[in-house]
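Trainee: Dumping the structure here so I can ask a few things about it.
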Amino acid sequence: MIRFLILALVAALAAAPAHATPTPPTIAQLAAFPRMSSFTLSPDGKHLAAIEARGEERVILVWKTDALNEAPTVIGTAKMKFTAVSFIKDDLLAVSLWQPYDLRTDRVTKTFISKLFITDLQGKAWHEPMPLAHASSRDEQLAQARTSPDVLDALPNDPDHILVVNNVGTAAGDVYKVNIHTFKADRVQRSEERVSGYVTDFAGNLRARLRADLVLAAALLHDVGRTLELRRGPTFKATEEGRLLGHVHLGLRLIEERSRTLDAEARAELLHAVAVHHDARSARTAEAAVLYHANQLDATAATRPVD
């Protein structure tokens, strides 16, 4: 009986149609822009926009959400290619584009430029996010041609303004409030050496962005002195140095010995963050304060009873 069943199974498998070998995609298919991408809804919910790929060309489609069965408004471009679109106001779009660019210095370098423009829902009027200052050198002129300011915050509660970050020249990193009707820009914040850019809260107020590299380095090294404070397990008794000096002092010594090639200012800030990670009142930088609170949160979570 078993032999009969095995023969029947083999016969059934032999009679089954062979599956076609899958065809790998071509390079052109892999490199193709998605058919539809970058969907974005207006803040008032009345319009929907997206980018449609039509072969090598890309267009922006804008629909009325209460008439999605009707043909959308089509916004095209002659030379540049759309890469992203998003609403910044009910009737304004922020559009990212790119195109090939010949960088001419002492030689010609084939490269690309990426630009950001603001346009209406019909694509009739196009503006850069803010007027560019007069270039003071050929290098700055080239930099202006290749880059654009970034929209930091669309300020949804302010119908007339957006916040923009300049990326070029001596004012790089400065934050401007831009009137979307006149495109007049007023600087509201100068960049600072100790700040790694800015973010905004829900009210549109500026907040300094922490320097992630400093926070990460301090977090990794803040307890490195434990390696000299404690003996090997299983008892982990304190060493003589550990009993007298403590892990913070020993950690600072280790970092000082092994960080002589660091920039002096960065080294001082790292040492400061490690030095005060048990003393919030002594913190003199935002990164040091964050490390203190993160360390406290970790200690609380590690010692809290689990039900």
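Trainee: Which count do you get for residues in segment 116-127 that are in contact (Cβ under 8 Å) with a residue 40 or more places away in the chain and under 26 Å from the mean Cα position of the chain (by Cα)? Explain how you work it out, then say what you get.
Mentor: Pass one, segment 116-127, residues in contact (Cβ under 8 Å) with a residue 40 or more places away in the chain: 118-119, 121-123, 127.
Those still in the list that are under 26 Å from the mean Cα position of the chain (by Cα) too: 118-119, 127.
Total meeting the criteria: 3.
Trainee: Just to check your reading of the model, which residue among Arg211, Arg258, Arg226, Arg207 is over 25 Å from Leu297 (Cβ atoms) and not hydrophobic (A, V, I, L, M, F, W, C)?
Mentor: On the way: Arg211 fails: over 25 Å from Leu297 (Cβ atoms); Arg226 fails: over 25 Å from Leu297 (Cβ atoms); Arg207 fails: over 25 Å from Leu297 (Cβ atoms).
That would be Arg258, the only listed residue that is over 25 Å from Leu297 (Cβ atoms) and not hydrophobic (A, V, I, L, M, F, W, C).
Trainee: What number of residues within segment 46-70 satisfy the criterion of being of a type in the set (Gly, Ala, Ser) and modelled with pLDDT under 95?
Mentor: 3
Trainee: Shifting gears a bit: Return the only residue of Ser96, Ser148, Ser114 being polar (S, T, N, Q) and not in a strand (DSSP E or B). Steps first, answer last, please.
Mentor: Working: Ser96 fails: not in a strand (DSSP E or B); Ser114 fails: not in a strand (DSSP E or B).
Going through Ser96, Ser148, Ser114 in turn, just one is polar (S, T, N, Q) and not in a strand (DSSP E or B): Ser148.
Every residue, every condition in (1) small (Gly, Ala, Ser); (2) without any contact (Cβ under 8 Å) to a residue 40 or more places away in the chain; (3) touching a Leu at 6+ places or on another chain (Cβ under 6 Å), yes or no:
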| site | (1), (2), (3) |
| --- | --- |
| Asn167 | no, yes, no |
| Ala172 | yes, yes, no |
| Tyr176 | no, no, no |
| Tyr198 | no, no, yes |
| Leu210 | no, no, no |
| Leu214 | no, no, no |
| Gly225 | yes, yes, yes |
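Trainee: Anything in segment 79-119 that is within 24 Å of Arg54 (Cα to Cα) and acidic (Asp, Glu)? List them, or say none.
Mentor: none
One line per residue, one yes/no per condition, for (1) over 15 Å from Ala94 (Cβ atoms); (2) exposed (fewer than 13 other Cβ atoms within 10 Å of the Cβ):
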position	(1), (2)
Arg146	yes, no
Pro149	no, no
Ala154	no, no
Asn157	yes, yes
His161	no, no
Asn166	yes, no
Asp174	yes, no
His181	yes, yes
Gln189	yes, no
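Trainee: Another question, then. Within segment 112-122, take every residue that is touching an Asp or Glu at 6+ places or on another chain (Cβ under 8 Å) and of a type outside the set (A, V, I, L, M, F, W, C) and give me the one that is nearest to Ile60 (Cα to Cα).
Mentor: Checking each candidate, the answer is Asp120.
Trainee: Answer yes or no: is there a residue in segment 93-102 that is exposed (fewer than 12 other Cβ atoms within 10 Å of the Cβ) and under 18 Å from Leu121 (Cβ atoms). Show your work before the answer.
Mentor: Quick first cut of segment 93-102, residues exposed (fewer than 12 other Cβ atoms within 10 Å of the Cβ) only: 100, 102.
Right, trim to under 18 Å from Leu121 (Cβ atoms) and you get none.
For segment 93-102, residues exposed (fewer than 12 other Cβ atoms within 10 Å of the Cβ) and under 18 Å from Leu121 (Cβ atoms): absent.
Yes/no per residue for (1) over 26 Å from Ala172 (Cβ atoms); (2) assigned by TED's automatic domain parsing to the domain that holds Val175; (3) surrounded by fewer than 19 Cβ atoms within 10 Å (Cβ to Cβ):
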{"site": "Ala219", "(1), (2), (3)": "yes, no, yes"}
{"site": "Asp223", "(1), (2), (3)": "yes, no, yes"}
{"site": "Arg226", "(1), (2), (3)": "yes, no, yes"}
{"site": "Glu257", "(1), (2), (3)": "yes, no, yes"}
{"site": "Ala268", "(1), (2), (3)": "no, no, yes"}
{"site": "Glu287", "(1), (2), (3)": "no, no, no"}
{"site": "Leu291", "(1), (2), (3)": "yes, no, no"}
{"site": "Ala294", "(1), (2), (3)": "yes, no, yes"}
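Trainee: Something else about it: For segment 121-145, enumerate the residues that are modelled with pLDDT under 75 and outside any loop (DSSP other than H, G, I, E, B).
Mentor: Selection gives Arg138, Asp139, Glu140, Gln141, Leu142, Ala143, Gln144, Ala145.
Trainee: Among the residues of segment 18-45 satisfying the criterion of being polar (S, T, N, Q) and in a loop (DSSP other than H, G, I, E, B), which is modelled with the lowest pLDDT?
Mentor: Looking at residues that are polar (S, T, N, Q) and in a loop (DSSP other than H, G, I, E, B), I get Thr21.
Trainee: All but one of (1) in a strand (DSSP E or B); (2) under 26 Å from the mean Cα position of the chain (by Cα); (3) modelled with pLDDT under 90; (4) not hydrophobic (A, V, I, L, M, F, W, C) hold for Thr170, so report the exception by its number.
Mentor: Failed condition: (1).
The values are calculated or read from the model by the stated rules, or taken from the named source; none is laboratory data. Being a predicted model, the structure only gives us computed values, none of them experimental. Ideal geometry is used to build each Cβ from the backbone, glycine not excepted, and the neighbour counts take in all protein chains shown.
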